[in-house]
Structures are given as structure tokens and as C-alpha cells.
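The values are calculated or read from the model by the stated rules, or taken from the named source; none is laboratory data. Everything numeric here is computed off the predicted structure, so don't read it as measured data. Counting neighbours? That spans all protein chains shown, and the Cβs are built from the backbone with ideal geometry, glycine included. Remember, those area values only see protein heavy atoms, side chains included, never the ligands or the DNA or RNA. Shrake-Rupley method; radii C 1.70, N 1.55, O 1.52, S 1.80 Å.
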Amino acid sequence: MNGRTQSTGCERMEAPACSTGEDRTVTPLGARGRKRSIVARIRALAGSDTRGSALVEMAVALPPVLLVITGVAAFSIALSQKLELAEAVSNGGRVLAAGRGVVDPCTKAYTAVDAAAPTLSANGIKLTIVLNGVSTGTPSATPSCPGSSGLPNANMVLGGNATISATYTCSIHAYGFTYPGCNLGTSLTEVVQ
């Protein structure tokens, strides 16, 4: 040989030290002599970089986040209805307390409640009015408490209590599901003027 030493195949390879009986076949994907799992083969075919991982993470995380956000929005609508009902009952209570001398103060109070709650269904608001301890009976969408023989209601006594209570069946909808049992209620007692 012309002064050169001839190197073996094991010296030229970058793989770990080889033995004489080692399988030297090279697969198309570059694995030398070892068997790989199915997952490793699929990863090698698709490329082993992390492109698209953010998209996958977003696809996994976005539906629960949207579900929580729409749930919060649906319950905030119910809270808004509760606040509107409370404000309407407060308005009706003021009208009721100032209604001494009126033939049917309950109808005036109902009209005031209905006017103060424009986004609530008028038929959904059920009112119970108690004048000086005497109730109008079962909750009604249109309560009435007229005095006898066209005279003002005798239960509207100066300094007496006038209590107005309201219930409202709200509806919370999210993703086609209506949550049952959403009943709002509020009550207010005023001194008759």
C-alpha cells in the first residue's frame, strides 16, 4: 500500500463503537441497526419539529374557555334581571306608600313595577302586596286591592306598613340548554305616607 493506512468502516462512522457482528443496514429514515416504535416512525415521517403545537394547544384549550365565558355571560344576564326586578319593586313600593287615598293602590303599584322593568316579561312578574297586615292573596301578575264601595282602600293607614314582594322566573340559556330553577325574588316594606 502506498504509505497509507486503510481505515475500517467502524472508524469512519459517527455512530457509537461498532462490533463485528452488528447489523450495518441503514433504513431510509437514518436509523442504523435498531428497531423503532410506531410512534417514532410516525414522528420521523411527519417531522420531529414542534410546528403546529400551538395550534393543537389552542384547539384543546379554547372550548373550555369559551364554555366558561358564555356561562359567565348567561349568569350575568340573570344577575341583571335580579337588579332590574329589585329596582322595579323599589319604584312600586314608593308608589304604593304614597297611594293613600287611592281606590286601588295595588294596581298603581303594579303599573309602576311594570314600567320600571321594561326588559322583564310583564306576565312573568308575580306580585304579592300586604297592606297593614292584610295580603292580596296569592302572587299575581295583576294584583288588585280596591276599597269597598268605590272608596279608598281602608288598609292604607297613615304610618302603617305596605309590603310589596315580587317573584320572577328567569331563563338562563347557554348552548341550547335552559338551566332550570331560576327564580328571582325581592321584597320591600315602606311606611304609608
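Rounded to the nearest 10 square angstrom, MET58 shows an accessible area of 110 square angstrom against a 1.4 Å probe.
Other residues within the sphere of radius under 10 Å centred on the Cβ of ALA98, judged by their own Cβ, net out at +2 (K and R +1, D and E -1).
Placing unit charges on each Cβ (+1 for Lys and Arg, -1 for Asp and Glu) gives the stretch 78-117 a dipole about its Cα centre, and among ALA109, LEU96, GLN81 the Cα reaching farthest toward its positive end belongs to LEU96.
If you bin all the Cα-Cα distances of the stretch 42-193 at 10 Å, starting from zero, the percentages per bin are 11, 31, 20, 12, 9, 6, 5, 4, 2, 0. Counting protein heavy atoms only, the stretch 54-155 has 68 percent of its accessible area on carbon and sulfur, 1.4 angstrom probe.
Kirkwood radius for the stretch 50-130, taken over all pairs of different Cα atoms as the inverse mean of 1/r, rounds to 15.8 Å. Computed from the C-beta positions of ALA115 and VAL68, the FRET efficiency with R₀ = 30 Å rounds to 0.25. Checking every one of the chymotrypsin sites (Phe, Trp or Tyr not before Pro) in the stretch 91-193 against DSSP loop status and a limit of 11 other Cβ atoms within 10 Å picks out TYR175. Remark on the stretch 104-193: ratio of C-alpha radius of gyration to 2.2 N^0.38 Å is 1.26. Listed by chain and number, the lysines whose C-alpha is less than 24 Å from the C-alpha of LYS82, apart from same-chain residues fewer than 8 away, are LYS108, LYS126. Dipole magnitude for the stretch 59-193: about 80 debye, using +1 per Lys or Arg Cβ and -1 per Asp or Glu Cβ, origin at the Cα centre. Extension gain, VAL60 to ARG41, is 4.4 nm, computed as 0.36 nm per intervening residue step minus the present C-alpha separation.
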